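Encoded as structure tokens, the structure appears first; notes follow it.
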């Protein structure tokens, strides 16, 4: 019997069987049962019936039997069984049947065995739309869209028109705008504009490509819209963060009597999360409760992400705990939310609960865990997570590798970070940023700049994150020339205007002592936030320009802005380092009374330092006793130094006793105690301080400083001659000292001769 070509491709149906004998009534009955179970996704039952069919002499498998059995093997991931079936199909003479061949192509495509699928396709003497659709899906599913479009053109060249299922299979995998336009034209050409499923897929693809305007035009042209159509457009706006349009569409749905489903509320919650509005988030949550979707897995995940984004971890945890069905995505969202809200320890405990519950973690889960370990600065926990991934043979995707680079870099293990980076076969912008920031934050500016040049050579365009990490390194090291070079790069590359880059430039110039350039960068910024204002205020304050810093604060208030705790910390620091005691105390009271900001430890320590620098040691100690509920060793150290500098021996002895009772673990505090006791001639105290320090095995690091030249950091330690150029350095310093003395003597002689002339 010859293979019949399908005359109807909407939707495709299996051809009559290619068999040498007419199928028995028993075989037809079993086939009907198998088809029914396959349609209900009872794939194990399909295999059981097929096994019993083989054992019975009256029921011989035919062309209608194998497609459903192959589908069961595909769904249950039974590759060896599928291979055995393929052998049976060849032996029984069904290998040329187009419907069975299509099932074989789908089977091999599921297991990413494209070569076998292509061989099955090539061996077919005649091909109708069914195998063509299958092979196109195979390459589309594998991500080889170039080959898929080549075959699509070949199919049409052979005179076979695509069905809407053919286009749907390709459309669901495209990611480039040009490919979407081609398939949209094909839909229009073949008259499939009325196929709702196809048009909904096109809407989703436009959303994935960030073309929400095209999605909106297509949506308005649709004659028939179902809930999927509405959800696709709402999701398109949610992805780009257009909350206004999401809310408008949501209201329009209600007006047109379209009831939102779990997908609608999930997209709505995601859009609100991007906005970060807690108030609007609670309203959305109320509507979800009213509609009865709170316990839905997808909606619950979106709500957890929403509350986590709004820094409301308690509500996120409550929603998570109430949910009965939690999948990997749900667990990962909760772990990520905890890590992002500085609850790294809770994130790790949540992962333990996830393992106990039997839910397998994904690569995204492990990336969140690695971020939590980096946040804690725990290399031990980080290595444990890394080893777990290796033991479980989890594939290290780009996200996981990027997290590993950041983890090891933040823990100072740059060799491990570099090794992971070198082993990556594919790198994205995050990979480069992680390794550049790792070296920059650990003080290796020259290596960070080298990687920056390598990044550009690899045709990876640096973004704001790259530039900010390098500017921060230049600021912390005082690398003025490198910082100016980065500023030049920012201008040439048109990375602005960006408030974060602008703030980093202000910080870099201020810390390098160039306040004029810092002010110019600040004034060129199109907008300012509290961080940029606090940066310029701190810059002036740290360079003895206290009055200018306070003038900047007055300008800040005149613009109608509200200061936060960071602004007040910069102001208190400024007053402390510029002797503005009364102004500093007034600002502290204003923070508490006018702006209702509860002072934290840093604010309180600044006030203590402010009073101590002004010589008001007793007032500082009284303030400490009143405001600090627990002993703070660093603040006591400030008070102890102030007592020694101002001759407050009695108070100094009291503070020294308090420090001794705390039993600090910092060697510097014991040295400070010994010096204070020595200044008071309390020799017993000196001996006790040194004794405690030795008993704890503590050693104080020697004083040190560094200079930066050409991106290289060279440290110098007190009384150390380990530097390889120590002899040359000492020689130059000795010559400089002698030259300076000679200049002083010459100046004094000129002054004396001037006096004698006057006399």
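The values are calculated or read from the model by the stated rules, or taken from the named source; none is laboratory data. Treat the numbers as computed from the prediction; the structure is a model and nothing was measured. Glycine also receives a Cβ, built like all others from the backbone with ideal geometry; neighbour counts cover every protein chain displayed.
Things worth noting here:
- Among the conditions (1) without any contact (Cβ under 8 Å) to a residue 12 or more places away in the chain; (2) not in a helix (DSSP H, G or I), the only one that residue 64 does not satisfy is (1).
- Any chance residue 478 is touching a helix residue (DSSP H, G or I) at 6+ places or on another chain (Cβ under 7 Å) and at positive phi: yes
- Flag if residue 527 is out of contact with any helix residue (DSSP H, G or I) (no Cβ under 9 Å at 6 or more places or on another chain) and over 19 Å from residue 599 (Cβ atoms): no
- Residue count for the range 426-467, restricted to those that are outside any loop (DSSP other than H, G, I, E, B), under 22 Å from residue 371 (Cα atoms) and touching a strand residue (DSSP E or B) at 6+ places or on another chain (Cβ under 8 Å): 0
- Selection status of residue 497, at pLDDT 90 or above and outside any helix (DSSP H, G or I): no
- Residue list for the range 42-61, restricted to those being in a loop (DSSP other than H, G, I, E, B) and either buried (at least 20 other Cβ atoms within 10 Å of the Cβ) or in contact with a helix residue (DSSP H, G or I) (Cβ under 7 Å, 6 or more places away or on another chain) (or both): 58, 59, 60, 61
- The combined condition, being surrounded by fewer than 19 Cβ atoms within 10 Å (Cβ to Cβ) and either modelled with pLDDT of 90 or more or in contact with a strand residue (DSSP E or B) (Cβ under 8 Å, 6 or more places away or on another chain) (or both), is not fulfilled by residue 394.
- Test: residue in the range 468-487 that is at pLDDT 90 or above, crowded, with 17+ Cβ neighbours inside 10 Å and not in a helix (DSSP H, G or I): no
- Being surrounded by 14 or more Cβ atoms within 10 Å (Cβ to Cβ) and at pLDDT below 85 is a property that holds for residue 98.
- Selected residue [buried (at least 16 other Cβ atoms within 10 Å of the Cβ) and under 17 Å from the mean Cα position of the chain (by Cα)] from 379, 420, 335: 335
- Filter pass, residue 572 being assigned to a helix (DSSP H, G or I), in contact (Cβ under 8 Å) with a residue 24 or more places away in the chain and surrounded by fewer than 23 Cβ atoms within 10 Å (Cβ to Cβ): no
- In summary, helices (runs of 4 or more DSSP H) completely within the range 153-224 and bearing 1 or more residues that are at pLDDT 85 or above and within 18 Å of residue 141 (Cα to Cα) occur at 164-171, 177-190, 196-208.
- Condition met for residue 620 (touching a helix residue (DSSP H, G or I) at 6+ places or on another chain (Cβ under 7 Å), surrounded by 22 or more Cβ atoms within 10 Å (Cβ to Cβ) and either modelled with pLDDT under 90 or not in a helix (DSSP H, G or I) (or both)): yes
Here's the yes/no breakdown for (1) modelled with pLDDT under 85; (2) surrounded by 15 or more Cβ atoms within 10 Å (Cβ to Cβ); (3) within 27 Å of the chain's Cα centre (by Cα):
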{"position": "244", "(1), (2), (3)": "no, no, yes"}
{"position": "256", "(1), (2), (3)": "no, no, no"}
{"position": "262", "(1), (2), (3)": "no, yes, yes"}
{"position": "265", "(1), (2), (3)": "no, yes, yes"}
{"position": "268", "(1), (2), (3)": "no, yes, yes"}
{"position": "275", "(1), (2), (3)": "yes, yes, yes"}
{"position": "279", "(1), (2), (3)": "no, no, yes"}
{"position": "283", "(1), (2), (3)": "no, no, no"}
{"position": "286", "(1), (2), (3)": "no, no, no"}
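- Whether a residue is touching a helix residue (DSSP H, G or I) at 6+ places or on another chain (Cβ under 6 Å), part of a helix (DSSP H, G or I), at pLDDT below 90 and on the phi < 0 side of the Ramachandran plot was assessed, and residue 237 passes this test.
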